[in-house]
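To keep things clear, I will list the structure first and then write my remarks on it.
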Amino acid sequence: MLLKLQIMAGRAIVYDATRIPQPDAKLFDPEYWLRAGAVADRAMGRGNTLVLDTPHGPAVLRQYLRGGVAARFSLDRYFFWGYLRSRPVIEANLTAHLSDLGLPVPQVLGGLCHRHGLTYSAALLTEKIPAARTLAEVMSGSSNKNPLWPDVGQCLRRFHSAGVYHADLNARNILIDELHKIWLIDFDRGCVLKPGNPRLQRNLQRLLRSLRKQRAMPEAELELCWQRLMLAYNTGL
């Protein structure tokens, strides 16, 4: 991956020059892909996330949207503090760093920061993990004997050992591909902390709350699954 930043009047594009030699703002426009007939699916999650068939390979286009109380005032605008401090540029750089560390994250193809005076809107284009399903989808009908749980625990241990904090670690941001490899996606507002930082443990509690909200299995069974996940997280077994 070779990230470059192109700044022009009113916008900036961060992009992988090995995959997209000539970046264009239309790559981040849902209407462009709809007109091209390239929208293969709509992904679960907040707002408009599209699964695309692009000339650069299967990809996921995610618009940055606010949640909670902030969304009542502005759904897709953020205060502009400079292009280098915009969410797509920060997330692209973080994801590239994690990829360089050998951690299982999707490659970033590009990100757009579109300035509107004191605010900006943004989008991120990443590669799609082939035939992957979310943990929320896979856990339905699973049992505590499924090797999925220790695999997830070991994967999370790798990220936390590197100090990686995922700001929204939930059952939909963990993917399992057809080879049963575990991936983490969506590193918006993520960062790298010192290993052992208490925020990393709060990451795990956030994930547990997310799993409980799925109601995909009885609570007692989920507790056994969580114990296996944490055993692998703590011991690597």
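Label-point separation (nm) for SER161 and ASP177, each offset 7 Å from Cα along Cα-to-Cβ?
Going by the 7 Å Cα→Cβ label model, 2.0 nm.
What's the local net charge at ASP16, with K and R +1, D and E -1, over the other residues with C-beta under 11 Å away?
On the way: positive: LYS4, ARG19; negative: GLU127.
Computed value for this residue: +1.
What do you get for the angle between helix 219-235 and the principal long axis of the chain? Use alpha-carbon atoms, 0 to 90 degrees, nearest ten.
Tilt of helix 219-235: around 80 degrees.
Which distance in Å, rounded to a whole number, links the C-alpha centroids of segment 98-148 and segment 10-30?
With segment 98-148 and segment 10-30 each reduced to a Cα centre, they are spaced 18 Å.
Send over a whole-number figure in Å² for the accessible area per residue of the chain, probe 1.4 Å. Show your work: numbers first, answer last.
On the way: 12150 Å² over 237 residues.
In whole numbers, the chain has 51 Å² accessible per residue.
Quick one: net charge of ARG158's neighbours, Cβ under 13 Å, K/R +1, D/E -1? Can you show the working numbers first?
Numbers: positive: ARG157, LYS181; negative: ASP151.
My count for the surroundings of ARG158 gives +1.
With a 1.4 Å probe and every protein chain left in place, tell me how much accessible area ARG172 has, in Å² to the nearest 10.
So the heavy atoms of ARG172 present about 80 Å² to solvent.
Among TYR120, TYR83, TYR32, whose mean-square fluctuation peaks in a Gaussian network model of the chain (Cα, cutoff 10 Å)?
Taking springs between Cα atoms under 10 Å, the residue moving most is TYR32.
If a paramagnetic tag sat 7 Å from the Cα of ARG189 along the Cα-Cβ line, which residues of segment 162-183 would have the backbone N under 14 Å from that point?
165-170
For a Förster distance of 30 Å, can you work out the FRET efficiency between the beta-carbons of GLN227 and GLN107, rounded to the nearest 0.05? Working shown, then result.
Working: r = 34 Å, r/R0 = 1.12.
The value I calculate is 0.35.
For every helix of n ≥ 4 consecutive DSSP H residues, a contribution of -39,500 (n - 2.57) applies; sum these over the chain, divide by its total residues, and give [θ] at 222 nm rounded to the nearest 500 deg cm²/dmol.
Numbers: 6 runs with 72 residues, N = 237.
The per-residue figure over the chain is -9500 deg cm²/dmol.
Heavy atoms only, 1.4 Å probe, whole protein assembly: order MET1, MET8, MET139 by accessible area, highest first.
Values: MET1 80, MET8 55, MET139 0 Å².
Result, largest first: MET1, MET8, MET139.
So for the chain, averaging the separation of alpha carbon pairs under 8 Å that are six or more residues apart and normalising by length, what relative contact order in percent results? Don't jump to the answer; show the numbers that get you there.
Details: 412 pairs, mean separation 42.2, N = 237.
After rounding, I find 18 percent.
So how far apart, in nm, are the two label points at ARG133 and THR18 if each is 7 Å from Cα heading toward Cβ?
So the two model labels end up 3.2 nm from each other.
If you roll a 1.4 Å probe over the chain with all protein chains in place, what percent of the accessible area is carbon or sulfur? Each step should come with its number before you reach the end.
Numbers: 6380 of 12150 Å².
For the chain, the apolar C and S fraction of the accessible surface comes to 52 percent.
Using every Cα-Cα pair within the chain, state what percent have a distance larger than 21 Å.
Details: 16357 of 27966 pairs.
The proportion of pairs with Cα distances above 21 Å equals 58 percent.
Using only the alpha-carbon atoms of segment 99-218, report the extent along each of the three principal axes, biggest first, to the nearest angstrom.
53, 33, 29
With angles folded into 0 to 90 degrees, how steeply does helix 148-161 sit against the dominant principal axis of the chain? Use alpha carbons for both and round to 10.
For 148-161 against the chain, the angle is about 60 degrees.
Can you give the extra length, in nm with one decimal, that the chain gains between LEU118 and ARG212 once fully stretched, where that is 0.36 nm per residue apart less the Cα-Cα distance? List each step's numbers first, then the result.
Working: separation 94, 0.36 × 94 = 33.84 nm, distance 3.97 nm.
Residue separation times 0.36 nm, minus the Cα-Cα distance, leaves 29.9 nm.
Comparing PHE79, PHE187, PHE28, which has the greatest mean-square fluctuation in the GNM of the chain with Cα pairs linked when under 10 Å apart?
PHE79
Over segment 1-134, with a single point scatterer placed on each C-alpha, what log10 of the ratio I(q)/I(0) does the Debye formula yield at q = 0.10 1/Å?
Each listed q maps to, in turn, -0.31.
Lys and Arg at +1, Asp and Glu at -1: add these up for the other residues within a Cβ distance under 14 Å of TRP33 and post the number.
Working: positive: LYS26, ARG35, ARG42, ARG62, LYS128; negative: ASP24, ASP29, GLU31, ASP41, ASP53.
Once positives and negatives cancel, what remains is 0.
The values are calculated or read from the model by the stated rules, or taken from the named source; none is laboratory data. Bear in mind that the values here come from a model prediction, so they are computed numbers and not experimental data. Here Cβ is always computed from backbone atoms with ideal geometry, including for glycine, and neighbour counts include all displayed protein chains. Surface areas here come from the heavy atoms of the whole protein model, side chains and all, with no ligands, DNA or RNA. Shrake-Rupley method; radii C 1.70, N 1.55, O 1.52, S 1.80 Å.
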